[in-house]
């Protein structure tokens, strides 16, 4: 059975499964080349997934869909009897359903016509729950028999955070499930959301919300949380760990804007980070007091905040903490298909199919085209065959090396398939890289380290090793290494490492190995292969453009190192 998963809000994405076998998962922004592209049918991402599987749209048996926004033209005439929902051409399907106290989307929405207009005519459709998709998309990629699953984001299907307990082969909703989303009284509201709080701070500081929250995190390291107490008053905690806003979202926005206008932006960023950490930790503490689960699974856009995950690990004795690598809504399509499979097959079968993540290289494979694209574009080979030694030498000599190795990564992090590598030993490389990539000056770079060496360099507990393969957490850098790898150490002495196994990417691993053999340094910079405000490289022509415009000095493919003659 071929199953297509779709998410059509911001960070739109698509995925293709053959039953439980994940064939491809692609964020719309990668093929469309529009950062955070969304709010439409993700046609280009669907095409990438189908091409990777060698499939036609006529072979799709099931489509798993979100209940996000769809064009108004697909709603039935009676959909808006009780008043319009939203502004503009799109209408949020869940809001329409909730307004009419309905559960069946086809009562108000012509899903078959919408799919047919997009060249898809499946035998079955399934509408998934936003936060449950986040949760099961995390649980499926573990082998746990006991866990707390916690989600937090800017909102989806009327919910802004949720908690579920997994034990004894059963998944129990503690809060944030479908009944809570449909509750008439005491349901979650926008002002409850810490994700929206961070959004408002991002906006007030002049950054683009839902895109530049990472800049707020980077800026926070340079400030003091002078507004923490004042901001914290906007929220309270219930006994079961639920977060409730005390004021309407407009009051929170007004206060944050005043703080941004009258104070230091670093202090507002630090205050927002402190509030996020403190309230989330309090929420988890109240849940943990009741359930004391052994493991913790985290998802939702809030958990793109790597410092928050470090704080959680420092406070709680979980055996393992795992953040979904596509923690933002880029993971919704895959989670939605997994929710469908859970409903179809039941928990026992679903659990038996679980599999830990490997390398996350789930985009379309363009490697057969790469060499021809580089040659036609005027690039020349500077090495071929075993390229790791050459690439390592170029990095040692100060070169900026992009990697184009196999299929692109799933999720927001570059993990070696589409990375930029550079020497970590001189902090001034940060200025050079930022200038060449048009990036903000205070954003830190991340290190990649081989699995065998991580404990020698970083204070990373075993509970975080799995999630650190995907750069979803920070940790302390050992004091004796901070000056030696200063380009990847944050001002607070932490770093966001990627742990690399040889099997995940032999060429990438070989470069690290060769670099250490010559320098004695087991770490290299890994930053995403893109310039500011562009998505990470997808097709070889985008890697070639980076080479010809001198964003990078070299590009490494599986069998060659490429450069443009000066």
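The values are calculated or read from the model by the stated rules, or taken from the named source; none is laboratory data. Here the structure is a predicted model, which means the values were calculated and not measured. We place every Cβ from the backbone using ideal geometry, glycine too, and count neighbours over all the protein chains shown.
Within the range 288-301, does at least one residue satisfy the condition of being assigned to a helix (DSSP H, G or I), in contact with a strand residue (DSSP E or B) (Cβ under 7 Å, 6 or more places away or on another chain) and either at pLDDT below 95 or in the same structural domain as residue 14 (by TED's automatic domain parsing) (or both)? Within the range 288-301 (the criterion being assigned to a helix (DSSP H, G or I), in contact with a strand residue (DSSP E or B) (Cβ under 7 Å, 6 or more places away or on another chain) and either at pLDDT below 95 or in the same structural domain as residue 14 (by TED's automatic domain parsing) (or both)), the answer is yes, since at least one residue qualifies.
Yes/no per residue for (1) assigned to a loop (DSSP other than H, G, I, E, B); (2) in contact with a helix residue (DSSP H, G or I) (Cβ under 8 Å, 6 or more places away or on another chain):
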| position | (1), (2) |
| --- | --- |
| 322 | no, yes |
| 327 | yes, yes |
| 336 | no, yes |
| 343 | no, no |
| 351 | no, no |
| 355 | yes, no |
| 358 | yes, yes |
| 368 | no, no |
| 373 | no, yes |
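The residues in the range 379-415 that are farther than 30 Å from residue 28 by Cβ and assigned to a loop (DSSP other than H, G, I, E, B) can be counted, and the count is 6. Of the helices (runs of 4 or more DSSP H) lying entirely inside the range 1-116, those containing at least 3 residues that are over 22 Å from residue 335 (Cα atoms) span 93-99.
Filtering the range 372-379 for residues that are surrounded by fewer than 21 Cβ atoms within 10 Å (Cβ to Cβ), touching a residue at least 24 places away in the same chain (Cβ under 8 Å) and within 20 Å of residue 528 (Cα to Cα) leaves an empty set.
Within the range 144-152, can one find any residue that is under 30 Å from residue 97 (Cβ atoms), surrounded by fewer than 21 Cβ atoms within 10 Å (Cβ to Cβ), at pLDDT 95 or above and in contact with a strand residue (DSSP E or B) (Cβ under 8 Å, 6 or more places away or on another chain)? No.
Taking the criterion of being within 26 Å of the chain's Cα centre (by Cα), farther than 25 Å from residue 94 by Cα, modelled with pLDDT of 95 or more and not in a helix (DSSP H, G or I), would at least one residue in the range 180-199 satisfy it? Checked against the condition, which is being within 26 Å of the chain's Cα centre (by Cα), farther than 25 Å from residue 94 by Cα, modelled with pLDDT of 95 or more and not in a helix (DSSP H, G or I), the range 180-199 yields no hits at all.
Counting only strands (runs of 3 or more DSSP E) that sit completely within the range 460-560, those holding 2 or more residues that are in contact with a helix residue (DSSP H, G or I) (Cβ under 8 Å, 6 or more places away or on another chain), over 17 Å from residue 444 (Cα atoms) and in the same structural domain as residue 427 (by TED's automatic domain parsing) correspond to 498-500, 554-556. The numbered conditions (1) modelled with pLDDT of 95 or more; (2) in contact with a helix residue (DSSP H, G or I) (Cβ under 8 Å, 6 or more places away or on another chain); (3) surrounded by fewer than 17 Cβ atoms within 10 Å (Cβ to Cβ) are all true for residue 386 except (1).
Within the range 264-289, the set of residues being touching a residue at least 60 places away in the same chain (Cβ under 8 Å), farther than 19 Å from residue 151 by Cα and surrounded by fewer than 23 Cβ atoms within 10 Å (Cβ to Cβ) comprises just one member, 265.
Restricting attention to the range 206-225, the residues that are under 18 Å from residue 301 (Cα atoms), touching a residue at least 24 places away in the same chain (Cβ under 8 Å) and part of a loop (DSSP other than H, G, I, E, B) total 2.
Of all residues in the range 9-19, those being over 14 Å from residue 63 (Cα atoms) and either modelled with pLDDT of 95 or more or in contact with a strand residue (DSSP E or B) (Cβ under 8 Å, 6 or more places away or on another chain) (or both) number 3. It is to be established whether one or more residues within the range 226-235 are in contact with a strand residue (DSSP E or B) (Cβ under 9 Å, 6 or more places away or on another chain), assigned to a loop (DSSP other than H, G, I, E, B), in the same structural domain as residue 272 (by TED's automatic domain parsing) and touching a residue at least 40 places away in the same chain (Cβ under 8 Å). Taking every residue of the range 226-235 in turn, at least one turns out to be in contact with a strand residue (DSSP E or B) (Cβ under 9 Å, 6 or more places away or on another chain), assigned to a loop (DSSP other than H, G, I, E, B), in the same structural domain as residue 272 (by TED's automatic domain parsing) and touching a residue at least 40 places away in the same chain (Cβ under 8 Å).
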